[in-house]
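Colleague: Let me begin by handing over the structure; questions about it come next.
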Amino acid sequence: MTKNRRFALAGNPNSGKSTLFNELTGLHQKTGNLPGVTIEKKSGRFSYKNQSYFIEDIPGVYSLNARSADEMVATSLLLDNTAEAPEFYVFVADATHLRKSLFLLLQMQEAGCRLILTLNMHDLAEKRGLQIDQAALEEELGIPVIPISASKKRGIEPLKEAIFNYPKSDVQTKVPVKSKPDQLFKRIDSILNRCQKWEAGKVYKRSSEKWDRLLLHPFWGYVFFFIILFLLFQAVFFLADYPNQWIEQFFIITGDWFQDIMPGGPLRDLLVNGVLPGLSGVLMFLPQIAILFFFLIVLEDSGYMVRATLLMDKVMRKAGLNGRSVIPMISGVACAIPAILATRTISQPRDRLITMFVLPFISCSARLPVFVLLVSLILPDQRFLGIFNYQGLALSALYLTGFLAAFGTAWLLNRGMKKQNQDLFLMEIPEYRLPHWPVVLRQIGNRCKSFVSEAGKVILGVSVILWALSNYGPSDFTGTHQGETTSLEESFAGIGGKAIEPLIRPLGYDWKIGIAILSSFAAREVFVGSISTLYHLENPEDQSSILEILGKPGGISGATAVSLLLFYLFALQCASTLVVMKRETGGWKWPIIQFSFMGIMAYLSALAAYQILS
Amino acid sequence: MNLADLSKGKSAVIAAIDEQSLAERLQEFGIFSGSLIRLLGTAPSGCPLMLEAEGTQLGLRKEQAALIKISPLD
Ligand SMILES: Nc1nc2c(ncn2[C@@H]2O[C@H](COP(=O)(O)OP(=O)(O)O)[C@@H](O)[C@H]2O)c(=O)[nH]1
């Protein structure tokens with residue numbers, strides 16, 4: 001084998017790059033970066049005739065003039081002048097929208113990129129009676145032109161052959177583009193005049209208009225939007241419940257197994273009480289995140305997401321947000337991290353910051369177990385009027401409050417922050433398309449994988465640290481140790497819990513709840529585990545369920561439970577979110593402001609609730 | 001007359017685009033002064049507008065549409 005050759009896929013959004021990338025690389029691909037919704041750096045490899053290739057997929061753009069954060073990433077890759085730059089680019093053009101594709105292509109050519117042009121969606125072009133003269137196009141552009149159909153797997157071999165035959169050359173330095181758009185389009189129109197013909201008698205009519213009459217209808221459009229949201233929430237919460245239970249069971253069984261086969265000691269303890277709960281904490285999110293990604297990818301690929309953005313733009317702007325904030329806000333229900341990354345499509349830095357700032361108010365799936373535990377403590381599992389479940393209603397109210405807090409804060413920030421120039425809100429409305437399932441599945445897989453490896457590291461790390469803090473105390477080091485193990489009360493965590501007790505006493509919390517709150521910084525749902533461990537440790541003989549123990553005197557009172565609910569609803573107790581915010585805003589300033597703002601709000605509302613109710 | 005005044009389903013020719021960055025963005029889609037533009041409809045709340053020009057469908061806010069001067073056909 002000879003040296004790897006590197007090339008990149010470039011093109012407009014929606015031209016079929018992901019599909020082609022998937023077709024070329026198959027299983028040999030990986031996604032760098034965290035799981036964003038639209039931006040991720042994908043790379044992969046394949047070999048053909050004993051030559052191996054390294055491919056990068058560059059996010060789709062319309063031109064080399066970047067405006068938003070994700071376009072910036074794309075153009076910097078297209079104009080890469082470093083030694084890492086791809087040797088050449090395979091340009092994926094939507095053959096049915098050639099005029100638009102050629103604009104970016106000519107810009108890239110002028111900038112000094114070496115190119116192969118693929119005319120994708122050739123099947124659609126044929127169906128619509130659009131004929132493209134390949135030879136004439138090659139002559140006009142001076143580059144190889146290959147018609148393909150990525151989703152129908154047609155033309156892939158000739159493309160590989162063209163890549164194989166593409167002359168080797170050193171990386172060219174890229175230069176700024178000088179031609180004005182009107183000059184470029186004059187050239188494009190003359191090229192198309194020569195190379196593109198419509199079969200006589202065939203007139204293509206977009207099918208989207210019919211659908212849009214329904215989906216963008218002043219009334220039914222919103223009904224449909226809320227039905228989709230409703231289905232998404234149902235799926236994220238109820239469908240994910242089954243795999244969640246399997247994962248939980250699996251970890252209980254594995255834990256017991258290690259407990260049996262390993263000799264007692266710190267190592268077993270670390271594994272059973274530190275590492276395994278940490279791992280299960282990470283994996284418990286996975287079903288929900290996978291389902292969320294499934295919905296988001298399908299909505300995005302089908303073209304509905306743009307409609308939802310248009311539908312909600314005006315409403316969101318009232319709150320100081322932006323139509324593009326809709327997707328992040330919806331994603332926030334599963335987890336704030338993918339939601340924050342999804343804000344990269346918002347071109348206005350100010351709107352993006354406001355959106356990121358308020359996202360953690362939206363109740364993520366990590367809060368759900370906490371809510372469920374506390375709500376079952378104060379409300380009966382009964383219905384009134386035959387249909388409404390008290391607990392279910394309370395949960396809905398909590399979610400609603402989270403959304404209201406997010407919108408309210410956005411509104412405040414919008415008034416408080418300096419206005420910027422008008423955001424240029426201009427979106428292409430793509431045609432509806434059926435998603436290509438292999439690509440959808442592959443994308444879900446990639447995103448889940450990067451979630452586990454990136455967010456997982458933080459959650460697992462914090463779990464292990466917390467385990468150490470709650471198992472060791474100063475007495476382990478001073479030699480004044482009595483008995484076999486350090487009791488929780490004497491551990492560092494216990495000391496920490498005691499230390500913050502004066503601060504949290506007015507909220508109705510004791511030191512045990514203090515520890516549970518501190519431990520929640522790994523992930524909020526750790527609260528449930530910590531609370532049950534702590535209260536079981538207090539009454540080792542009591543075999544009742546945690547709910548019964550908490551319900552007894554000395555457990556958690558109704559007023560404390562309400563106060564805790566509010567605290568968890570508003571506080572930003574998530575180390576991973578803070579780390580991601582720091583990375584996305586380029587410093588600790590905003591995460592710290594956000595953390596303090598939400599913390600103060602949580603503290604004050606919990607204080608008020610407890611003082612009024614107790 | 002500007003684009004925000006166009007009624008649904010009607011077409012017009014773009015006469016001038018009064019804002020530089022908007023004009024630049026539209027140019028990337030191949031839309032210039034002289035291009036034919038049609039209003040497909042508006043989002044339920046009257047904004048944004050949904051337009052079609054040069055084979056592309058676009059969503060654009062009303063206040064930006066107001067910066068695009070048009071001369072109506074017929
Ligand atoms: N009919 C047809 N559809 C395609 C073809 N290639 C891609 N698509 C569809 O076009 C849409 C956009 O493709 P995608 O790969 O996500 O585009 P990207 O945004 O450039 O990565 C998807 O719904 C694909 O299933 C093709 O050759 N023929």
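The values are calculated or read from the model by the stated rules, or taken from the named source; none is laboratory data. Because the structure is a prediction, the values reported are computed rather than measured. Counting neighbours? That spans all protein chains shown, and the Cβs are built from the backbone with ideal geometry, glycine included. SASA here: full protein model, heavy atoms, side chains in, ligands and nucleic acids out. Shrake-Rupley method; radii C 1.70, N 1.55, O 1.52, S 1.80 Å.
Colleague: Of A:Lys42/A:Lys449; A:Lys17/A:Lys153; A:Lys17/A:Lys186, which ones are farther than 20 Å apart at the Cα?
Modeller: On the way: A:Lys42/A:Lys449 13 Å; A:Lys17/A:Lys153 13 Å; A:Lys17/A:Lys186 27 Å.
Checking Cα-Cα distances, A:Lys17/A:Lys186 exceed 20 Å.
Colleague: With the contact rule set at Cα under 8 Å and sequence spacing of 6 or more, what percent relative contact order holds for chain A?
Modeller: Details: 883 pairs, mean separation 75.9, N = 614.
Contact order relative to length: 12 percent.
Colleague: What distance in nm lies between label points placed 7 Å from Cα along the C-beta direction at A:Thr82 and A:Ile612?
Modeller: 5.5 nm
Colleague: Here is a follow-up. Tell me, what is the per residue accessible area of segment B:3-72 in Å², probe radius 1.4 Å? Numbers along the way, then the final one.
Modeller: On the way: 2490 Å² over 70 residues.
Heavy-atom accessible area per residue stands at 36 Å².
Colleague: Apply the Karplus curve 6.51 cos²θ - 1.76 cosθ + 1.60, θ = phi - 60°, to the phi angles in segment A:277-292 and return the couplings in whole Hz, x for Gly and Pro.
Modeller: x, x, 4, 5, x, 6, 6, 4, 6, 4, x, 5, 5, 4, 5, 4
Colleague: Related question: Among the residues of segment B:38-63, which ones have their accessible area go down by 40 Å² or more when all the protein chains sit together, as opposed to their chain alone (1.4 Å probe)?
Modeller: B:Pro44, B:Ser45, B:Pro48, B:Met50, B:Gln57, B:Gly59, B:Arg61, B:Glu63
Colleague: Students often forget the sequence filter, so: which aspartates and glutamates lie under 17 Å Cα-Cα from A:Lys178 once same-chain residues fewer than 8 apart are removed?
Modeller: By straight Cα distance, A:Lys178 reaches A:Glu110, B:Glu24, B:Glu28.
Colleague: Of the accessible area of chain A, with the probe set at 1.4 angstrom, what percent is carbon plus sulfur? Kindly include the intermediate steps, with their values, before the conclusion.
Modeller: On the way: 17360 of 27600 Å².
Percent of accessible area from carbon and sulfur atoms in chain A: 63.
Colleague: If each residue of separation counts as 0.36 nm, what is the full-extension length gain between A:Asp260 and A:Lys178 once their alpha-carbon separation is subtracted?
Modeller: Numbers: separation 82, 0.36 × 82 = 29.52 nm, distance 7.25 nm.
Gain on extension, A:Asp260 to A:Lys178, equals 22.3 nm.
Colleague: Over all alpha-carbon pairs in the protein assembly as shown, figure out the percentage whose distance exceeds 35 Å. Could you put the intermediate results ahead of the total?
Modeller: On the way: 118822 of 236328 pairs.
Within the protein assembly as shown, distances greater than 35 Å cover 50 percent of Cα pairs.
Colleague: Same structure, new question: For A:Ile227 and A:Ile500, FRET efficiency with R0 = 45 Å and r from the beta-carbon atoms, rounded to 0.05?
Modeller: The computed FRET efficiency comes out at 0.50.
Colleague: Starting from 0.36 nm per residue, how many nanometres of slack lie between A:Leu424 and A:Asp241 once their C-alpha separation is accounted for? Display every interim value, and only then the final one.
Modeller: Working: separation 183, 0.36 × 183 = 65.88 nm, distance 4.16 nm.
Full-extension gain reported as 61.7 nm.
Colleague: Counting heavy atoms of the protein chains only and a 1.4 Å probe, report the per residue accessible area for segment A:2-198 as a whole number of Å².
Modeller: Ligands and nucleic acids excluded, the result is 41 Å² per residue.
Colleague: Counting helices only, and only those DSSP H runs with n ≥ 4, report the 222 nm mean residue ellipticity of chain A as the sum of -39,500 (n - 2.57) divided by its residues, in deg cm²/dmol to the nearest 500. Walk me through the numbers before you get to the answer.
Modeller: Values: 28 runs with 351 residues, N = 614.
Value at 222 nm, helices only, nearest 500: -18000 deg cm²/dmol.
Colleague: Test of understanding: extend the Cα→C-beta vector of A:Lys186 to 7 Å, then name every residue of segment B:16-47 with backbone N under 17 Å from that spot.
Modeller: Within reach of a label on A:Lys186, which here means backbone N under 17 Å from a point 7 Å along Cα→Cβ, segment B:16-47 contributes B:27-28, B:30-35.
Colleague: Below 29 Å, Cα to Cα, which lysines can A:Lys589 reach? Residues fewer than 8 away in the same chain don't count.
Modeller: Here the lysines satisfying the reach criterion relative to A:Lys589 are A:Lys41, A:Lys318, A:Lys418, A:Lys419, A:Lys457.
Colleague: Hey, any idea what % of segment B:3-72's accessible area is carbon plus sulfur with a 1.4 Å probe? Mind dumping the intermediate values first?
Modeller: Numbers: 1250 of 2490 Å².
Its accessible area is 50 percent carbon and sulfur atoms.
Colleague: Check cross-link reach from A:Lys3 to the lysines: straight Cα distance under 16 Å, and skip same-chain residues fewer than eight apart.
Modeller: Result set, ordered by chain and number: A:Lys49, A:Lys168.
Colleague: A further question on this structure: Whose amide H sits under 5 Å from the amide H of A:Arg67, counting only residues 5 or more places off or on another chain, with H placed in the peptide plane?
Modeller: Here the answer is A:Met72, since their amide H atoms fall under 5 Å of that of A:Arg67.
Colleague: As a test of the definition: with a 1.4 Å probe, what buried accessible area, both sides summed, do you compute for B against A, in Å² to the nearest 100?
Modeller: On the way: alone 4380 and 28980 Å², together 30480 Å².
Adding both sides of the contact gives about 2900 Å².
Colleague: Let me ask another. Given Cα pairs under 8 Å that are at least 6 residues apart, what percent is the relative contact order of segment A:2-198?
Modeller: Values: 338 pairs, mean separation 43.6, N = 197.
After rounding, I find 22 percent.
Colleague: When a/c reaches 1.5 or more, the comparison of a/b and b/c decides; with that in mind, is chain B rounded, prolate or oblate per its Cα gyration tensor? Don't skip to the end; give the middle numbers.
Modeller: Working: a/c = 1.36, a/b = 1.18, b/c = 1.15.
The shape class here is rounded.
Colleague: Here is a further query. So what is the relative contact order for segment B:3-72, in percent, with contacts set as C-alpha pairs under 8 Å and at least six apart? Don't skip to the answer; put the middle values down first.
Modeller: Working: 130 pairs, mean separation 28.4, N = 70.
Relative contact order, segment B:3-72: 41 percent.
Colleague: Counting only the heavy atoms of the protein chains, how much of A:Lys180 is accessible to a 1.4 Å probe, in Å² to the nearest 10?
Modeller: Estimated to the nearest 10 Å², A:Lys180 gives 120 Å².
Colleague: Within segment A:332-369, name every residue whose backbone N is under 17 Å away from a label modeled 7 Å from Cα of A:Val315 along the Cβ vector.
Modeller: A:332-333, A:362-363
Colleague: Can you work out ³J(HN,Hα) from phi for every residue in segment A:176-190, in order, using Karplus 6.51 cos²θ - 1.76 cosθ + 1.60 and θ = phi - 60°, giving whole Hz and x for Gly and Pro?
Modeller: 3J(HN,Hα) across segment A:176-190, in whole Hz: x, 7, 9, 4, 7, x, 5, 5, 4, 5, 4, 5, 4, 5, 6.
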